[in-house]
Amino acid sequence: KTWLHAFFDRFFASIERNDANKILEAPVRLSQFFFPDSLLAALHQHACRVEKCFMCDLRMTCSFNTNSSILSYSTNSIVVEGIYIQGAIFKETSLSSVDASSPQFSTIPPMTIAFIPITEPLLELGETLSVPVFVSLWNKRTVLDVSLPCASENDKRKWILGGVSLFTDIA
């Protein structure tokens, strides 16, 4: 029953977003797509058509800052929400430790994913940790890697050993 419910949730979400422009207008939940990695590939191709360049000339980057320069690439970007984190809590601008009373999963703030020219500097400031985003709790298929800000190199090691990971869906 759970599988069938998830199927129809995705099916009806795809019907609602049947217009390509609607996908770029409002924040999306990657869990609403059957193949979220295909959505990101399509965005990459769209960005290349807009920029009139080859796919290898653009790279994916993400930002949690609403005032970021990534927003200048708004035709090549998408806002993603509803990503769950395990093993840490994402507070304001960096990762924080969980304690015994913390929930097993929490959501991260909405992030903007964009494809920018490889000649542009990366938007990451300070230490970051590359964390995989898995489609489900089974950790079998990754959608993308997200750079999460962390305080220091020692913190980075702590989060790696702690197994911090992100998920599009926890059902």
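The values are calculated or read from the model by the stated rules, or taken from the named source; none is laboratory data. Remember, predicted model here, so these are calculated numbers, not experimental data. As a convention, Cβ positions derive from the backbone with ideal geometry for all residues, glycine included, and neighbour counts pool all protein chains shown. Keep in mind that these areas ignore ligands, DNA and RNA; they rest on the heavy atoms of the full protein, side chains included. Shrake-Rupley method; radii C 1.70, N 1.55, O 1.52, S 1.80 Å.
Remarks
- Flag for TRP138 being farther than 22 Å from LEU39 by Cβ and either over 15 Å from the mean Cα position of the chain (by Cα) or aromatic (Phe, Trp, Tyr) (or both): no
- Residue within the stretch 154-161 that is over 10 Å from the mean Cα position of the chain (by Cα) and in a loop (DSSP other than H, G, I, E, B) present: no
- The stretch 150-171, subset open to solvent by 30 Å² or more (accessible area, probe 1.4 Å) and within 27 Å of LEU43 (Cα to Cα), residue modelled with the lowest pLDDT: ALA171
- Sole exception among (1) loosely packed, with under 14 Cβ neighbours inside 10 Å; (2) at pLDDT below 80; (3) on the phi < 0 side of the Ramachandran plot for ASN139, by number: (3)
- Selection from the stretch 76-100 of residues that are assigned to a loop (DSSP other than H, G, I, E, B) and open to solvent by 80 Å² or more (accessible area, probe 1.4 Å): GLU92, THR93, ASP99, ALA100
- PRO103 satisfies every condition listed in (1) within 20 Å of PHE134 (Cα to Cα); (2) outside any loop (DSSP other than H, G, I, E, B) except (2).
- Residue in the stretch 117-129 that is touching a strand residue (DSSP E or B) at 6+ places or on another chain (Cβ under 7 Å), at pLDDT 90 or above and assigned to a strand (DSSP E or B) present: no
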